[in-house]
Amino acid sequence: MRYMSSQEIRETWLRFFENKGHHIVDSASLIPINDPTLLWVNAGVAPLKKYFDGSEKPVSDRLVNVQKCIRTNDIDNVGRTARHHTFFEMLGNFSIGDYFKNEAIEMGFELLTSPEYFGFPVDKLVFTYYPDDLDAKNKWISLGVSEEKVIPVEGNFWEIGEGPSGPNTEIFFDRGEKYDSRGLELVEQDLENDRYIEIWNIVFSMYNAKDGLKRIDYPELPNKNIDTGAGLERFACVIQGTETNFETDLFLPIIQVIESLSGVKYDGQMAFKVIADHIKTLVFSITDGAMLSNEGRGYVLRRILRRAVKYGRNLGFKKPFLHLLVDSVVSVMGEFYPNLKDGSSIAKKIILKEEEQFLLTIADGEKHIEEAIKKEGNVISGKTAFMLYDTYGFPIELTLEYAEEHGVKVDVDGFNVALEEQKERSRSARSDVSSMGSQKEEFLNFEEKSEFIGYDNLTSNSKVIGIFDEGIVLDKTPFYATSGGQVGDQGLIDNVKVSNVIKLPHGQHLHVIEGSFTLGQSVTASVNKEVREKTEKNHSATHLLHQALKDIYGTHVVQQGSLVNDKYLRFDFNHYENVSDLDILELERIVNAKINDNLAIVIKEMPIDEAKKLGAMALFGEKYGDLVRVVNMDYSIELCGGTHTSSTNSIGKFAIISFESTGSGIYRITATTGSNIETEIKVATKHISDELEQLNSKVKENFKDLELFELTLNTNSYQDIINARKYLVEARAKVHDAEKALKDSYTKDIIANADSLIPEGTTSKAIIETKNIDNNTLKQLVDVLYDKIKAETLLLVNVDESSATFIAKTDGKTHAGNLIKSLTSKVNGSGGGRPNLAQGGTKDLTNLDEALILIKEEL
């Protein structure tokens with residue numbers, strides 16, 4: 001076994017499987033695309049789920065990758081153990097219905113033990129298998145592994161929810177007695193140890209897990225698959241002979257920069273490990289388009305950054321320092337991930353800004369701790385400690401540190417209970433992170449050739465070659481199937497409505513349609529031309545908008561999702577700062593300028609390397625073969641399979657109709673084009689028009705002097721939305737001012753005529769009843785009446801249609817609070833207050849008269 005750098009390990013892995021006929025798949029973005037079950041891509045198989053569940057056919061049935069991953073479910077262990085990370089790289093090889101158990105084990109054994117590759121000594125390897133899977137056991141033994149080192153483990157069965165599942169085999173490397181004097185019982189009993197390092201897991205995905213069935217009764221998959229995962233950091237630790245993962249070349253150069261900045265020598269301290277791990281997570285996630293925020297993945301990143309800053313304090317860092325480590329991450333990882341260099345400047349800005357904000361948070365947290373110490377004495381409660389952590393982002397370690405400085409304790413157990421409750425809520429709300437859909441055998445087995453001719457034709461005479469419950473497949477079709485954000489075409493097949501079009505695993509277009517068809521039947525397929533053309537305009541405008549966003553904000557802007565139909569386009573993007581109305585208007589202006597430039601839209605197929613040289617944008621999560629379709633508008637060049645106009649001028653006009661933040665640094669623009677604009681802007685401003693109508697009703701009823709509000713839209717642009725919002729704000733203010741003036745006049749009238757409310761014969765202990773007076777006026781009235789009758793005790797009772805309000809004011813001889821409590825207890829109400837002023841009320845007027853007689857007797 002020879003020393004290898006981490007880059008050599010990656011290259012060796014990819015080269016071996018490429019030689020075995022595997023297609024190399026680039027690492028997907030850490031941010032899942034079109035997968036709501038995942039917060040992060042957390043395993044090598046995560047971006048490939050669509051192939052395993054049969055919903056899509058891959059470019060090859062054999063795949064290999066090095067996938068960047070983030071897992072944060074046990075973040076508190078990072079730095080405490082030798083091998084926990086938030087960011088890590090997963091080496092994987094996959095078979096989608098091609099080779100299976102024997103071949104997978106043979107390849108695994110060759111890669112691990114051959115001197116041409118990793119060259120691990122066979123006697124240093126230990127293998128586990130599912131007890132029922134004797135085929136795996138016997139295969140390892142047949143390759144020369146001693147039987148005592150092939151160990152049955154009951155937990156070796158991979159399944160998460162319904163869908164593909166199966167037994168697995170794990171491979172461990174024995175680092176020797178230096179790390180633990182115990183032997184194979186450590187593996188047999190699954191004991192935590194530093195001697196036997198699990199380096200690889202091979203899953204034999206062969207069953208369809210079903211709720212309610214025992215494993216033994218799971219049906220077999222129509223396509224059996226291989227799914228493997230090997231941790232690059234663990235491979236590097238074993239091959240480079242380091243104590244932990246953190247001394248490998250994946251972390252040590254970063255740690256050395258931390259040493260230089262802090263002046264502290266690294267000797268295995270937890271702080272160095274936490275910072276080195278967390279800065280990698282931050283740089284990789286930010287360069288993939290993630291943002292820091294108070295929710296979702298943004299909240300996770302904020303917590304990671306703050307944890308790193310906290311441990312930086314242990315090394316003496318009092319000022320922002322994490323942003324100074326970005327270049328070290330690029331230096332270590334940039335050769336394999338070149339996009340890091342392009343995004344490093346944005347990563348520095350975002351991290352520095354967040355560090356500065358956290359330092360202010362720490363100062364704010366210190367104030368809250370001081371207040372807690374004053375209120376709670378010698379022990380800060382678990383509830384307060386958790387509030388500091390959850391609301392203010394103040395780590396429990398800092399709370400403990402400050403508490404110690406002030407000579408008080410913290411209820412850590414109470415904090416942990418609150419923290420566990422929060423984790424449980426998060427677990428309950430989280431979907432299965434790796435669940436897959438069940439394979440649909442009839443779709444997987446359907447391999448009839450079908451041709452899409454819809455780029456050039458909107459009608460065709462076709463033949464039915466497939467019939468399913470959901471619809472039919474034609475030998476050739478002009479109907480575009482939903483993909484790349486563009487919805488499927490509408491239209492008719494033999495005068496029967498096509499409601500949707502979806503892609504089958506082998507690429508055929510399934511027309512979702514009701515009606516009776518037979519195999520071999522000749523039909524006429526016709527796409528709705530008007531709907532298609534409107535969709536094309538919106539799709540071409542989407543490309544212009546995408547480039548305009550990059551022009552305004554920078555190359556870090558990445559598409560986070562899109563939807564294009566005939567009515568509108570919706571585009572989600574990331575950005576680390578607030579987006580203003582002026583920005584939105586500028587985006588709209590740029591897109592319309594490019595439309596007016598009448599740029600030709602040239603669409604060509606070419607090799608992917610040639611497309612990349614042109615600077616064509618490729619989107620994470622999209623599948624690209626060796627030959628790609630390039631949509632070139634001169635201003636914007638993208639890889640895209642969708643349909644488009646022939647020139648930008650054909651789009652007509654572009655208007656943004658709504659803009660919103662969806663959280664975690666993600667923004668959503670909804671826009672439309674051409675003849676849709678006027679209609680969609682009216683729809684977008686309808687809620688404003690509805691509120692103006694309500695305000696007008698108030699004006700007609702109460703304010704004859706005010707003019708009625710009329711909203712006029714003229715520009716057919718986002719400016720309409722801005723103008724409508726401003727007009728609504730102004731209208732609200734005018735009605736509010738009018739209402740306030742009316743209330744003030746009403747109150748003045750009542751106060752001026754207060755004498756008329758005082759009954760004859762009123763004594764210094766008085767009960768005065770009024771009707772339909774608002775609370776604010778009552779509070780002023782009670783003071784005026786109290787002074788006028790020179791009262792010792794005054795109980796003011798105001799009754800309206802469904803409730804009563806009570807205010808008591810006294811000189812203190814009669815306790816006002818107790819008086820209100822006595823009254824409300826008799827009328828099923830509530831209230832109380834100070835000795836000289838109190839308030840209450842009830843919604844039950846049934847016994848009010850009797851109760852007032854009793855209170856009068858008490859007074």
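The values are calculated or read from the model by the stated rules, or taken from the named source; none is laboratory data. Small disclaimer: the values here were computed from a predicted structure and weren't measured. With ideal geometry, Cβ positions are generated from the backbone for all residues, glycine too; neighbour counts draw on all protein chains shown. The accessibility values were calculated without ligands, DNA or RNA, using every heavy atom of the protein model including side chains. Shrake-Rupley method; radii C 1.70, N 1.55, O 1.52, S 1.80 Å.
FRET efficiency for the ASP783 to ILE722 pair, using the beta carbon distance and R₀ = 41 Å, is estimated at 0.35. Remark on the stretch 175-318: ratio of C-alpha radius of gyration to 2.2 N^0.38 Å is 1.42.
Here the stretch 23-172 was treated as a single set of alpha-carbon atoms; its pair distances binned every 5 Å from 0 give 2, 8, 14, 17, 20, 18, 14, 6, 1, 0 percent. Normalised by the number of residues in the stretch 318-420, the mean separation of alpha-carbon contacts (under 8 Å, six or more apart) gives a relative contact order of 24 percent. At full extension, GLU605 and GLU259 could sit 119.4 nm farther apart than now, given 0.36 nm per residue minus the alpha carbon distance.
Quotient of the Cα radius of gyration of the stretch 511-620 and 2.2 N^0.38 Å, N being its number of residues: 1.42. Taking only the C-alpha atoms of the chain, Rg followed by Dmax gives 35.1, 113 Å.
Solvent-accessible area assigned to carbon and sulfur over the chain amounts to 46 percent, based on a 1.4 Å probe. How would you classify the stretch 717-859 from its alpha-carbon gyration tensor, with a ≥ b ≥ c the square roots of the eigenvalues: rounded for a/c under 1.5, else prolate if a/b is greater than b/c, otherwise oblate? In terms of gyration-tensor shape, prolate. For the stretch 465-579, the C-alpha radius of gyration divided by 2.2 N^0.38 Å, with N the number of residues, is 1.32. Restricting the calculation to Cα atoms, the stretch 586-740 shows an Rg/Rh of 1.17 when the hydrodynamic-style radius is the Kirkwood one. If I model a spin label as a point 7 Å beyond the Cα along the Cα-Cβ vector, how far apart are those points for LYS771 and GLU850 in nm? In this crude spin-label approximation the distance works out to 2.3 nm. Working note: Debye formula, equal point scatterers on the alpha-carbon atoms of the stretch 156-239, no solvent; log10 I(q)/I(0) at q = 0.12, 0.17 Å⁻¹ is -0.48, -0.77. The residues of the chain present an accessible area of 46 Å² per residue when probed at 1.4 Å with all protein chains retained.
The alpha carbon centroids of the stretch 520-546 and the stretch 172-236 are separated by 48 Å. Between THR524 and GLU577, the contour length at 0.36 nm per residue exceeds the Cα-Cα span by 13.9 nm. A Förster radius of 45 Å combined with the Cβ-Cβ distance from ARG313 to GLU739 puts the calculated FRET efficiency at roughly 0.25. In this label model, GLU106 and LYS383 are separated by 6.7 nm, measuring between points 7 Å along each Cα→Cβ vector.
Sorting ARG15, ARG532 by solvent-accessible area of protein heavy atoms yields ARG15, ARG532, largest first, with a 1.4 Å probe. In this label model, THR555 and SER689 are separated by 4.5 nm, measuring between points 7 Å along each Cα→Cβ vector.
In order along the stretch 489-501, phi translates into HN-Hα couplings of 5, 9, x, 10, 10, 6, 6, 9, 5, 8, 8, 6, 9 Hz, rounded to whole numbers, per the Karplus curve 6.51 cos²θ - 1.76 cosθ + 1.60 with θ = phi - 60° and x for Gly and Pro.
Of the peptides 285-291, 810-816, the ranking by mean beta-carbon count within 10 Å, highest at the top, reads 285-291, 810-816.
Of all aspartates and glutamates in the structure, those lying under 17 Å Cα to Cα from LYS821, and not within fewer than 8 positions of it along the same chain, are ASP844, ASP849, GLU850, GLU857, GLU858.
Between the C-alpha center of the stretch 32-52 and that of the stretch 282-310 there is a gap of 19 Å.
Stokes-Einstein diffusion of the stretch 1-99 at 25 °C, 0.890 mPa s viscosity, Kirkwood radius from Cα pairs, rounded to a whole number: 165 µm²/s.
Computed from Cα atoms alone, the Kirkwood hydrodynamic radius reported for the stretch 459-525 is 11.6 Å. Taking the Cα atoms only, what angle lies between the long axis of helix 396-405 and the longest principal axis of the chain, rounded to 10 degrees? With rounding to tens, the tilt is 60 degrees.
What shape does the stretch 102-203 have by the C-alpha gyration tensor, where a ≥ b ≥ c are the square roots of the eigenvalues, rounded means a/c under 1.5, and otherwise prolate means a/b greater than b/c and oblate the rest? It is oblate, given that a/c is not under 1.5 and a/b is not larger than b/c. Here is the P(r) of the stretch 299-363: all C-alpha pair distances, binned every 10 Å from 0, give 20, 49, 26, 4 in whole percents. When LYS210, LYS567, LYS375 are compared by accessible area at a 1.4 angstrom probe, the order from most to least is LYS375, LYS567, LYS210. Across the cross-link table entries LYS529/LYS567; LYS49/LYS124; LYS273/LYS353, which are compared at the Cα atoms, the separations over 25 Å belong to LYS49/LYS124.
Working note: 222 nm ellipticity from helices only, DSSP H runs with n ≥ 4, each -39,500 (n - 2.57), summed and divided by the residues of the chain, gives -12500 deg cm²/dmol to the nearest 500.
The phi-based Karplus calculation (6.51 cos²θ - 1.76 cosθ + 1.60; θ = phi - 60°) puts the 3J(HN,Hα) values of the stretch 292-309 at 8, 7, 9, 8, x, 5, x, 5, 4, 5, 4, 5, 4, 4, 5, 5, 5, 4 Hz, whole numbers, x for Gly and Pro.
Across the cross-link table entries LYS550/LYS612; LYS686/LYS771; LYS318/LYS367, which are compared at the Cα atoms, the separations over 29 Å belong to LYS686/LYS771. Here the Karplus relation 6.51 cos²θ - 1.76 cosθ + 1.60, evaluated at θ = phi - 60°, turns the backbone of the stretch 598-604 into coupling constants of 6, 6, 5, 9, 9, 10, 9 Hz, with x for every Gly and Pro.
Can you give me the relative contact order of the chain as a percent, contacts being Cα pairs under 8 Å and 6 or more apart? Present the calculation step by step, with values, prior to reporting the outcome.
On the way: 1583 pairs, mean separation 67.6, N = 859.
Value for the chain: 8 percent.
Per residue, the average separation of C-alpha pairs within less than 8 Å and at least 6 apart gives the stretch 547-599 a relative contact order of 31 percent.
Segment SER331..LYS748, full-extension length gain: 142.7 nm, with 0.36 nm per residue of separation and the alpha-carbon distance subtracted.
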